[in-house]
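The values are calculated or read from the model by the stated rules, or taken from the named source; none is laboratory data. What you see is a predicted model; the values in this text were computed from it and never measured. Cβ: placed from backbone, ideal geometry, glycine included. Neighbour counts: every protein chain shown. Note: accessible area is taken over every heavy atom of the protein model, side chains too, but ligands, DNA and RNA are not part of it. Shrake-Rupley method; radii C 1.70, N 1.55, O 1.52, S 1.80 Å.
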Amino acid sequence: MPRDASATQSVQAYPADQIRVEFGANTGDPLGVMEDLVLDDVYELADPRPPCRLGIAARADGTFGVSEDSELGRAGSTLHLDCAISLMPEVGEAVDALIMVEVGTDGLIDATYLVPQTPLAPQTGYRLLSADRKQARSRLAEMACVSFARGTRITLGTGAQIAIEDLAPGDRVLTRDSGVQPVVWIGRTTARATGSMAPILIRAGALNNDHDLQVSPDHRLMLYQRTDAIGVGTPEILVRARDLVNGHSVVVQDGGFVDYFQILFDRHYIIYAEGIAAESLLLDAVTQTSLPEALVDQFQARPRHRARAEHGLDISPAILDRSDVVGVLKRASLRC
(Lines give C-alpha, C1' and ligand atoms only; values in the text may rest on other atoms or scores of the structure.)
Protein backbone atom coordinates (compact mmCIF):
# COMPACT_ATOMS: atom_id res chain seq x y z
CA MET A 1 0.00 0.00 0.00
CA PRO A 2 1.29 3.51 -0.74
CA ARG A 3 1.81 6.04 1.98
CA ASP A 4 -0.48 8.94 2.59
CA ALA A 5 0.51 11.38 -0.17
CA SER A 6 0.86 14.24 2.31
CA ALA A 7 3.12 12.29 4.69
CA THR A 8 6.63 13.24 3.69
CA GLN A 9 8.32 12.88 7.06
CA SER A 10 8.53 10.54 10.00
CA VAL A 11 10.28 10.82 13.34
CA GLN A 12 11.13 8.40 16.12
CA ALA A 13 9.02 9.04 19.21
CA TYR A 14 8.19 7.70 22.67
CA PRO A 15 4.66 7.81 24.12
CA ALA A 16 4.76 10.10 27.15
CA ASP A 17 3.76 7.36 29.58
CA GLN A 18 7.09 5.62 28.90
CA ILE A 19 8.92 8.63 30.38
CA ARG A 20 8.21 9.65 33.97
CA VAL A 21 9.68 12.00 36.54
CA GLU A 22 11.97 9.98 38.82
CA PHE A 23 12.88 12.91 41.06
CA GLY A 24 11.55 16.43 41.35
CA ALA A 25 8.38 18.49 41.67
CA ASN A 26 6.36 16.16 39.41
CA THR A 27 7.67 12.83 40.77
CA GLY A 28 5.76 9.92 39.27
CA ASP A 29 4.07 11.95 36.54
CA PRO A 30 4.55 11.20 32.84
CA LEU A 31 6.04 13.76 30.47
CA GLY A 32 3.58 16.57 29.81
CA VAL A 33 3.16 19.73 27.76
CA MET A 34 5.25 22.84 28.36
CA GLU A 35 2.91 24.35 30.97
CA ASP A 36 3.31 21.19 33.12
CA LEU A 37 7.11 20.98 32.92
CA VAL A 38 9.33 21.97 35.84
CA LEU A 39 13.00 22.70 35.22
CA ASP A 40 15.46 20.39 37.02
CA ASP A 41 12.93 17.54 37.23
CA VAL A 42 14.75 14.28 36.46
CA TYR A 43 13.06 12.02 33.91
CA GLU A 44 13.68 8.34 33.31
CA LEU A 45 12.68 5.98 30.53
CA ALA A 46 10.42 3.75 32.63
CA ASP A 47 9.58 1.40 29.75
CA PRO A 48 12.71 0.19 27.89
CA ARG A 49 10.94 -0.37 24.58
CA PRO A 50 12.63 1.53 21.72
CA PRO A 51 10.95 4.54 20.10
CA CYS A 52 8.42 3.97 17.32
CA ARG A 53 7.78 5.80 14.06
CA LEU A 54 5.45 8.79 14.26
CA GLY A 55 4.39 9.68 10.72
CA ILE A 56 3.73 13.38 10.14
CA ALA A 57 1.39 14.54 7.39
CA ALA A 58 1.99 18.18 6.46
CA ARG A 59 -1.39 19.65 5.53
CA ALA A 60 -1.99 22.39 3.01
CA ASP A 61 -3.20 24.79 5.74
CA GLY A 62 0.12 24.53 7.58
CA THR A 63 -1.06 22.16 10.31
CA PHE A 64 0.18 18.62 10.96
CA GLY A 65 -1.62 15.31 11.21
CA VAL A 66 -0.85 11.68 11.93
CA SER A 67 -0.13 9.90 8.63
CA GLU A 68 -1.73 6.65 7.50
CA ASP A 69 1.41 4.54 8.03
CA SER A 70 2.33 5.88 11.47
CA GLU A 71 3.12 3.29 14.15
CA LEU A 72 1.92 5.74 16.80
CA GLY A 73 -1.32 7.64 17.07
CA ARG A 74 -4.57 7.51 15.13
CA ALA A 75 -4.34 8.25 11.40
CA GLY A 76 -5.89 11.58 10.53
CA SER A 77 -5.68 13.05 14.03
CA THR A 78 -4.20 16.51 14.39
CA LEU A 79 -0.63 16.82 15.69
CA HIS A 80 0.41 19.93 17.60
CA LEU A 81 4.08 20.83 18.00
CA ASP A 82 4.18 21.92 21.63
CA CYS A 83 7.78 22.83 22.46
CA ALA A 84 11.50 22.05 22.24
CA ILE A 85 13.33 20.78 25.32
CA SER A 86 16.86 19.84 26.36
CA LEU A 87 17.61 16.94 28.68
CA MET A 88 20.95 16.30 30.39
CA PRO A 89 21.87 12.70 31.32
CA GLU A 90 24.02 11.83 34.31
CA VAL A 91 26.88 11.07 31.92
CA GLY A 92 27.23 12.33 28.36
CA GLU A 93 25.92 15.20 26.25
CA ALA A 94 22.54 16.90 26.36
CA VAL A 95 19.70 15.44 24.31
CA ASP A 96 17.60 17.85 22.25
CA ALA A 97 14.00 16.77 21.81
CA LEU A 98 10.51 17.91 20.85
CA ILE A 99 7.19 17.39 22.57
CA MET A 100 4.31 16.73 20.18
CA VAL A 101 0.66 16.39 21.12
CA GLU A 102 -2.08 14.42 19.37
CA VAL A 103 -5.42 16.21 19.59
CA GLY A 104 -8.86 14.64 19.17
CA THR A 105 -11.88 16.08 17.37
CA ASP A 106 -13.05 17.50 20.71
CA GLY A 107 -9.88 19.59 20.96
CA LEU A 108 -8.59 17.63 23.96
CA ILE A 109 -5.19 15.92 24.19
CA ASP A 110 -5.36 12.24 23.24
CA ALA A 111 -1.63 11.51 23.51
CA THR A 112 1.72 13.21 24.10
CA TYR A 113 5.00 12.14 22.47
CA LEU A 114 8.68 12.83 23.06
CA VAL A 115 10.67 13.12 19.81
CA PRO A 116 14.39 13.00 20.71
CA GLN A 117 17.29 13.49 18.32
CA THR A 118 19.05 10.68 20.19
CA PRO A 119 17.31 7.62 21.70
CA LEU A 120 17.13 7.64 25.49
CA ALA A 121 18.98 5.07 27.57
CA PRO A 122 16.82 3.09 30.02
CA GLN A 123 17.42 3.42 33.77
CA THR A 124 19.20 6.73 33.20
CA GLY A 125 18.21 10.04 34.74
CA TYR A 126 17.70 13.00 32.38
CA ARG A 127 17.48 16.42 34.00
CA LEU A 128 15.23 18.96 32.25
CA LEU A 129 17.47 21.91 31.36
CA SER A 130 15.20 24.04 29.18
CA ALA A 131 11.85 24.22 27.44
CA ASP A 132 10.69 26.79 24.90
CA ARG A 133 8.46 27.14 21.87
CA LYS A 134 10.59 29.46 19.75
CA GLN A 135 12.98 26.73 18.57
CA ALA A 136 10.43 23.98 18.06
CA ARG A 137 9.63 24.56 14.37
CA SER A 138 13.25 24.96 13.30
CA ARG A 139 14.30 21.86 15.26
CA LEU A 140 11.55 19.77 13.62
CA ALA A 141 12.64 21.04 10.21
CA GLU A 142 16.23 20.05 11.01
CA MET A 143 15.07 16.51 11.79
CA ALA A 144 12.80 16.28 8.75
CA CYS A 145 14.76 17.89 5.89
CA VAL A 146 16.07 15.34 3.41
CA SER A 147 19.82 15.87 3.18
CA PHE A 148 22.99 14.63 1.52
CA ALA A 149 26.18 14.20 3.55
CA ARG A 150 29.31 16.18 2.74
CA GLY A 151 31.19 14.78 -0.24
CA THR A 152 28.11 13.45 -2.07
CA ARG A 153 28.59 14.01 -5.80
CA ILE A 154 25.62 15.50 -7.66
CA THR A 155 25.28 15.16 -11.44
CA LEU A 156 25.21 18.48 -13.32
CA GLY A 157 23.46 19.19 -16.60
CA THR A 158 26.77 18.65 -18.40
CA GLY A 159 27.09 15.14 -16.98
CA ALA A 160 29.95 16.18 -14.70
CA GLN A 161 29.70 15.41 -10.99
CA ILE A 162 30.35 17.92 -8.23
CA ALA A 163 30.46 17.60 -4.44
CA ILE A 164 27.28 19.03 -2.95
CA GLU A 165 29.22 21.40 -0.69
CA ASP A 166 30.65 23.01 -3.85
CA LEU A 167 27.24 23.67 -5.43
CA ALA A 168 25.84 27.19 -5.43
CA PRO A 169 22.51 28.82 -6.34
CA GLY A 170 22.23 29.09 -10.11
CA ASP A 171 24.24 25.93 -10.84
CA ARG A 172 22.40 23.74 -13.31
CA VAL A 173 21.68 20.20 -12.16
CA LEU A 174 20.32 17.25 -14.12
CA THR A 175 16.87 16.15 -12.97
CA ARG A 176 15.19 12.90 -13.96
CA ASP A 177 11.79 14.45 -14.61
CA SER A 178 12.46 17.95 -15.99
CA GLY A 179 15.87 18.01 -17.63
CA VAL A 180 18.39 20.59 -16.43
CA GLN A 181 17.24 22.88 -13.61
CA PRO A 182 18.96 25.70 -11.66
CA VAL A 183 19.60 25.35 -7.95
CA VAL A 184 17.65 27.91 -5.88
CA TRP A 185 19.25 27.35 -2.47
CA ILE A 186 21.77 25.14 -0.69
CA GLY A 187 21.34 24.68 3.05
CA ARG A 188 23.80 23.25 5.55
CA THR A 189 23.46 21.86 9.04
CA THR A 190 25.95 20.09 11.31
CA ALA A 191 24.52 17.54 13.71
CA ARG A 192 25.60 14.77 16.00
CA ALA A 193 25.35 11.57 13.96
CA THR A 194 23.16 9.76 16.44
CA GLY A 195 19.55 8.64 16.59
CA SER A 196 17.30 10.35 14.07
CA MET A 197 20.24 12.39 12.73
CA ALA A 198 22.59 9.47 12.00
CA PRO A 199 23.11 9.15 8.23
CA ILE A 200 22.38 6.02 6.24
CA LEU A 201 25.35 4.69 4.26
CA ILE A 202 24.50 2.90 1.02
CA ARG A 203 27.73 1.13 0.17
CA ALA A 204 29.15 1.14 -3.36
CA GLY A 205 27.42 -1.52 -5.45
CA ALA A 206 24.44 -1.97 -3.11
CA LEU A 207 22.04 -0.39 -5.64
CA ASN A 208 24.37 -0.42 -8.65
CA ASN A 209 26.07 2.75 -7.40
CA ASP A 210 29.79 3.10 -8.13
CA HIS A 211 30.54 4.98 -4.90
CA ASP A 212 29.24 5.15 -1.34
CA LEU A 213 26.21 7.37 -0.79
CA GLN A 214 25.32 8.91 2.59
CA VAL A 215 21.92 10.49 3.11
CA SER A 216 19.58 11.41 5.96
CA PRO A 217 17.38 8.55 7.20
CA ASP A 218 14.10 9.69 5.60
CA HIS A 219 15.68 10.62 2.27
CA ARG A 220 13.70 8.93 -0.50
CA LEU A 221 15.45 7.16 -3.34
CA MET A 222 13.71 6.51 -6.64
CA LEU A 223 14.29 2.95 -7.82
CA TYR A 224 13.24 1.56 -11.19
CA GLN A 225 12.30 -2.12 -11.33
CA ARG A 226 12.52 -3.75 -14.74
CA THR A 227 10.64 -6.59 -13.11
CA ASP A 228 8.10 -6.03 -10.33
CA ALA A 229 10.15 -7.92 -7.78
CA ILE A 230 8.31 -6.70 -4.68
CA GLY A 231 4.81 -6.93 -6.13
CA VAL A 232 3.56 -3.34 -5.97
CA GLY A 233 2.25 -3.13 -9.53
CA THR A 234 4.51 -0.33 -10.77
CA PRO A 235 8.14 -0.17 -11.89
CA GLU A 236 8.97 3.21 -10.28
CA ILE A 237 9.07 3.32 -6.50
CA LEU A 238 10.20 5.73 -3.79
CA VAL A 239 11.97 4.11 -0.85
CA ARG A 240 13.25 5.78 2.31
CA ALA A 241 16.90 5.08 3.03
CA ARG A 242 16.17 3.95 6.61
CA ASP A 243 13.86 1.21 5.29
CA LEU A 244 16.73 -0.39 3.33
CA VAL A 245 19.09 -0.86 6.29
CA ASN A 246 20.29 -4.47 6.39
CA GLY A 247 23.45 -4.24 8.48
CA HIS A 248 25.95 -4.87 5.69
CA SER A 249 25.36 -3.18 2.31
CA VAL A 250 23.13 -0.46 3.82
CA VAL A 251 24.03 0.61 7.36
CA VAL A 252 23.48 3.34 9.93
CA GLN A 253 26.60 5.49 10.36
CA ASP A 254 26.22 6.22 14.05
CA GLY A 255 28.77 8.33 15.92
CA GLY A 256 30.63 11.61 15.61
CA PHE A 257 29.22 14.51 13.64
CA VAL A 258 27.79 14.84 10.14
CA ASP A 259 27.58 17.82 7.78
CA TYR A 260 24.23 17.69 6.01
CA PHE A 261 23.39 19.67 2.86
CA GLN A 262 19.90 20.39 1.50
CA ILE A 263 19.34 21.22 -2.17
CA LEU A 264 16.27 23.21 -3.20
CA PHE A 265 14.80 23.87 -6.64
CA ASP A 266 11.70 25.75 -7.75
CA ARG A 267 9.89 22.40 -7.59
CA HIS A 268 10.40 19.00 -6.02
CA TYR A 269 12.67 17.04 -8.40
CA ILE A 270 14.47 13.73 -8.64
CA ILE A 271 18.21 14.30 -9.12
CA TYR A 272 21.23 12.00 -9.28
CA ALA A 273 23.54 11.53 -6.28
CA GLU A 274 26.45 9.13 -6.79
CA GLY A 275 24.42 7.81 -9.72
CA ILE A 276 21.35 6.99 -7.61
CA ALA A 277 18.10 8.83 -8.31
CA ALA A 278 17.18 10.70 -5.11
CA GLU A 279 14.76 13.45 -4.17
CA SER A 280 15.55 17.12 -3.63
CA LEU A 281 14.13 19.06 -0.69
CA LEU A 282 10.33 19.16 -0.65
CA LEU A 283 8.93 22.29 0.97
CA ASP A 284 5.91 21.90 3.22
CA ALA A 285 4.69 23.04 6.62
CA VAL A 286 7.37 20.95 8.31
CA THR A 287 10.47 21.85 6.31
CA GLN A 288 9.96 25.45 5.18
CA THR A 289 11.28 26.95 8.43
CA SER A 290 14.74 25.73 7.41
CA LEU A 291 14.81 28.40 4.69
CA PRO A 292 15.80 32.07 4.97
CA GLU A 293 12.69 34.20 5.52
CA ALA A 294 12.94 35.87 2.09
CA LEU A 295 12.83 32.50 0.35
CA VAL A 296 9.85 31.36 2.41
CA ASP A 297 7.96 34.47 1.28
CA GLN A 298 8.99 33.82 -2.33
CA PHE A 299 7.70 30.26 -2.35
CA GLN A 300 4.49 31.16 -0.54
CA ALA A 301 3.79 33.75 -3.22
CA ARG A 302 3.93 31.08 -5.95
CA PRO A 303 3.45 27.66 -4.33
CA ARG A 304 4.69 24.90 -6.63
CA HIS A 305 6.13 22.39 -4.20
CA ARG A 306 4.08 19.25 -3.70
CA ALA A 307 4.50 15.50 -3.76
CA ARG A 308 4.33 14.40 -7.40
CA ALA A 309 2.84 11.09 -8.49
CA GLU A 310 5.22 10.80 -11.45
CA HIS A 311 8.10 10.35 -9.02
CA GLY A 312 6.90 6.85 -8.25
CA LEU A 313 4.91 4.97 -5.65
CA ASP A 314 5.85 5.78 -2.04
CA ILE A 315 6.51 2.38 -0.47
CA SER A 316 5.48 1.36 3.05
CA PRO A 317 8.21 -0.10 5.31
CA ALA A 318 6.10 -3.25 5.73
CA ILE A 319 6.57 -4.12 2.04
CA LEU A 320 10.34 -3.89 2.47
CA ASP A 321 10.47 -5.97 5.65
CA ARG A 322 12.69 -8.75 4.31
CA SER A 323 16.39 -9.35 4.84
CA ASP A 324 17.25 -9.59 1.13
CA VAL A 325 15.25 -6.57 -0.13
CA VAL A 326 18.34 -4.58 -1.23
CA GLY A 327 19.61 -7.47 -3.33
CA VAL A 328 16.13 -8.06 -4.76
CA LEU A 329 15.81 -4.41 -5.82
CA LYS A 330 19.34 -4.36 -7.24
CA ARG A 331 18.65 -7.43 -9.40
CA ALA A 332 15.21 -6.17 -10.43
CA SER A 333 16.74 -2.95 -11.77
CA LEU A 334 19.08 -4.92 -14.05
CA ARG A 335 16.76 -7.55 -15.53
CA CYS A 336 15.18 -7.00 -18.91
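Okay, here's what the table says:
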item: DSSP-loop trypsin sites (Lys or Arg not before Pro) across segment 1-99, with at most 14 other Cβ within 10 angstrom; result: 59, 74
item: Gain in span if fully extended, residue 93 to residue 61, counting 0.36 nm per residue against the direct Cα distance; result: 7.8 nm
item: Potential extension, residue 333-residue 318 segment - 0.36 nm per residue separation minus Cα distance; result: 3.4 nm
item: Long-range amide H partners of residue 110 with built H, under 5 Å; result: 102, 103, 104
item: Residues with amide H under 5 Å from that of residue 125, placed H, sequence gap 5 or more; result: 90
item: HN-Hα J in Hz across segment 158-173 - Karplus 6.51, -1.76, 1.60, θ = phi - 60°, x for Gly and Pro; result: 7, x, 5, 10, 9, 4, 4, 5, 9, 6, 9, x, x, 4, 9, 10
item: Tensor-based shape of segment 156-249 (alpha-carbon gyration tensor, a/c under 1.5 rounded, otherwise prolate or oblate); result: oblate
item: Sulfur and carbon atoms: percent of accessible area, segment 193-336 [1.4 Å]; result: 48 percent
item: The chain - accessible surface per residue (Å², probe 1.4 Å); result: 43 Å²
item: For the chain, built as a Gaussian network whose Cα springs stay under 10 Å, the top-fluctuating residue of 211, 268, 248; result: 248
item: Over the chain, relative contact order from alpha-carbon pairs under 8 Å, at least 6 apart, %; result: 17 percent
item: Once the Cα gyration tensor of the chain is diagonalised, semi-axes √(5λ) in Å; result: 34, 22, 20
item: Helical contribution to [θ] at 222 nm, DSSP H n ≥ 4, -39,500 (n - 2.57), averaged over the chain, rounded to 500; result: -2500 deg cm²/dmol
item: Separation in nanometres of the label points that stand 7 Å from Cα toward Cβ, at residue 29 and residue 253; result: 4.3 nm
item: FRET efficiency, residue 208 to residue 17 (Cβ-Cβ, R0 56 Å, nearest 0.05); result: 0.80
item: Gain on full stretching of the segment that runs from residue 227 to residue 177 - 0.36 nm per residue minus C-alpha separation; result: 15.9 nm
item: Computed accessible area, residue 270, all protein chains, 1.4 angstrom probe, square angstrom; result: 0 Å²
item: Stretch in the chain that is longest and holds no GluC sites (Glu not before Pro) that DSSP places in a loop and that have at most 10 other beta carbons within 10 Å; result: 94-336
item: Filtered trypsin sites (Lys or Arg not before Pro), segment 132-167: DSSP coil and at most 13 other beta carbons within 10 Å; result: 133, 134
